[in-house]
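Reading through the structure tokens given below for one structure.
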Amino acid sequence: MTSTAEIPEFPMTRAAGCPFDPPPAARALQEETPLARVRLWDGSTPWLVTRYADQRALLADPRVSADVTRPGYPSPAPLPKGGTGIGFILMDNPEHARLRKMVTAPFTIRRVAAMRPAVQKIVDDLIDELLAGPKPVDLVEAFALPVPSLVICELLGVPYADHGFFQENSKVIIRRDARPEERAAGHQALIGYLDRLVGEKLEHPTGDLLSGLAGRVAAGELTRVEAAQMGVLLLIAGHETTANMIALGTLALLEHPDQLALLREGDDPALVASAVEELLRYLNITHNGRRRVALEDIEIAGETVRAGEGLIMANDIANRDPEVFPGGDRLDLTRDAHRHVAFGFGVHQCLGQPLARLELQVVYGTLYRRIPTLALATGAGKIPFKHDGSVYGVYELPITW
């Protein structure tokens with residue numbers, strides 16, 4: 001039996017000088033045991049599931065719940081009063097399936113593929129602005145944030161002129177050390193903003209995703225609060241994760257020039273698609289893990305997880321599991337990495353993954369070919385990393401060429 005003193009805190013700290021690798025303590029647990037107790041901010045001790053196969057099995061198991069309001073759920077932070085405001089992502093079926101189905105159509109592979117020319121134009125226009133402007137420049141502010149923000153604003157029907165407002169509030173919501181009242185205020189600000197937009201779409205629909213949600217409100221299938229919550233979820237998820245992947249992926253490639261050369265010197269779409277999957281596997285920008293609570297006793301990896309006990313599926317170490325990804329600490333753009341769990345697994349896997357893949361394919365397939373001399377404008381040791389949030393990345397990335 002592990003003593004209380006020996007239970008490590010979660011999330012764990014990354015090693016200095018290894019910004020792309022999972023915390024050494026988490027990797028050590030993976031080598032030692034498939035399940036380990038970890039301690040959260042509130043003193044609770046859920047199970048950390050360390051290995052790829054067990055994570056996939058549990059994420060697909062109907063005996064575990066994603067409902068953040070259930071007793072025993074290993075919440076990463078205190079819940080704001082009045083709920084999370086995040087909507088269906090933290091619900092179980094059938095309510096999860098009912099709400100998710102209402103926004104599935106725009107994210108199908110066919111519909112997303114049709115957006116490629118528009119995404120390519122956004123990327124090319126922003127690169128034109130980079131090349132015409134002063135240098136050095138912060139890639140985060142000038143490119144990594146605008147690309148997904150422009151795309152998701154167009155898809156949802158949100159004015160891009162308001163991007164500063166929703167980006168600032170979303171940063172508060174995903175900041176790990178934000179106080180509950182700060183997080184609640186950020187949620188409320190965004191829900192109020194999306195509620196107003198839904199109201200406008202009720203009066204003047206424009207064919208975008210929010211107009212579709214407004215139509216469901218008019219038909220009595222959704223409340224305005226539900227529609228606004230879904231809008232908040234899509235808005236945050238649609239720009240935060242992809243923006244961090246663009247900037248952190250660029251830094252990783254600059255630190256691995258042999259791999260960068262594959263993208264810069266080639267024009268094979270299959271290689272670009274492979275590179276996106278490998279960078280998603282290697283970087284793992286979601287750092288809170290997929291969190292669940294057991295609804296009944298479950299036998300897994302030789303242990304019994306009791307009903308009401310929390311589970312954390314740490315995707316960063318699952319995607320480095322040597323049983324599935326030999327040599328997984330090495331970035332290899334030619335690796336077949338498509339089985340990674342960066343987007344989760346099971347019924348709750350990321351709805352927007354086709355769009356994220358498209359945006360990253362366009363960015364990684366365009367930026368380094370159009371700016372072949374792209375380089376860091378400061379030492380790698382001076383780059384500020386986001387160790388304080390649930391989405392990992394860099395606060396800024398000064399570049400030149």
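The values are calculated or read from the model by the stated rules, or taken from the named source; none is laboratory data. Since this is a predicted model, take the numbers as computed values, not measurements. Every residue, glycine as well, gets a Cβ built from its backbone with ideal geometry; the counts of neighbours run over all protein chains shown. The protein model used for the area step is the full one, side chains on, heavy atoms only, and it has no ligands, DNA or RNA in it. Shrake-Rupley method; radii C 1.70, N 1.55, O 1.52, S 1.80 Å.
Before moving on, here are some points about what is shown:
- FRET efficiency estimate (nearest 0.05) - Cβ-Cβ, Glu296 to Ile371, R0 41 angstrom: 0.15
- Between amide H atoms placed 1.01 Å from N, distances below 5 Å from Val64 occur with Leu295, all of them 5 or more places distant or on a separate chain.
- Per residue, the convex hull volume that the Cα atoms of segment 163-236 enclose (Å³): 78 Å³
- Size of charge dipole - the chain - debye, nearest 20, with Cβ of Lys, Arg +1 and Asp, Glu -1, no other charges: 460 debye
- Added length on full extension, which subtracts the Cα-Cα distance from 0.36 nm per residue, Leu79 to Arg176: 33.7 nm
- Of the residues Phe343, Asn244, Ala26, the one whose Cα sits farthest toward the positive end of the charge dipole of the chain, with +1 on the Cβ of Lys and Arg and -1 on the Cβ of Asp and Glu, is Phe343.
- Residues whose amide H comes within less than 5 Å of that of Val38, counting only those at least five positions distant or on another chain, are Leu48 (H built at 1.01 Å from N in the peptide plane).
- For the chain, built as a Gaussian network whose Cα springs stay under 10 Å, the top-fluctuating residue of Met12, Met230, Met313: Met12
- Restricting the chymotrypsin sites (Phe, Trp or Tyr not before Pro) of segment 112-183 to loop positions (DSSP other than H, G, I, E, B) with no more than 10 neighbouring Cβ atoms within 10 Å leaves nothing.
- Backbone amide hydrogens, once placed in the peptide plane, bring Val394 within less than 5 Å of Leu248, Lys386, excluding anything fewer than 5 places away on its chain.
- Taking 23 Å as the straight-line reach from the Cα of Lys121, the lysines in range (excluding those fewer than 8 positions away in the same chain) are Lys135.
- Cross-link partners of Lys101 among lysines (Cα-Cα below 24 Å; sequence separation of 8 or more within a chain): Lys201
- Remark: accessible surface ordering of Trp401, Trp47 (largest first) is Trp401, Trp47, probe radius 1.4 Å.
- Segment Thr378-Glu323, length gained on full extension (0.36 nm per residue, minus Cα span): 16.1 nm
- Asn93-His387 FRET efficiency (beta carbon distance; Förster radius 30 Å; 0.05 resolution): 0.30
- The length gained by stretching the chain between Ile7 and Asp125 to full extension, at 0.36 nm per residue less their Cα-Cα distance, is 37.4 nm.
- For the chain, with +1 on Lys and Arg beta carbons and -1 on Asp and Glu, the positive-most of Thr13, Pro159, Leu283 along the dipole: Pro159
- Space enclosed by the convex hull of the alpha-carbon atoms of the chain, per residue, Å³: 136 Å³
- Cα-based shape type of segment 97-195, given that a ≥ b ≥ c are square roots of the gyration tensor eigenvalues and the cut on a/c is 1.5: oblate
- ³J(HN,Hα) computed for each position of segment 61-68 - Karplus, 6.51 cos²θ - 1.76 cosθ + 1.60, integer Hz, glycine/proline x: 8, x, 7, 10, 10, 9, 6, 5
- Spin-label model, Arg196/Ala16: points 7 Å from Cα along the beta carbon direction are separated by 4.6 nm.
- Under 16 Å from the Cα of Lys386 - lysines, other chains or at least 8 residues apart: Lys171
- In segment 120-174, the ratio of gyration radius to Kirkwood radius, Rg to Rh, stands at 1.00 when only Cα atoms are counted.
- Using the Cβ-Cβ distance between Asp162 and Trp401 with R0 set to 41 Å, the FRET efficiency works out to roughly 0.85.
- Remark: relative contact order (the chain) = 25 percent; criterion is Cα-Cα distance under 8 angstrom and separation of 6 or more residues.
- In Å², nearest 10: area of Arg335 left accessible to a 1.4 Å probe: 30 Å²
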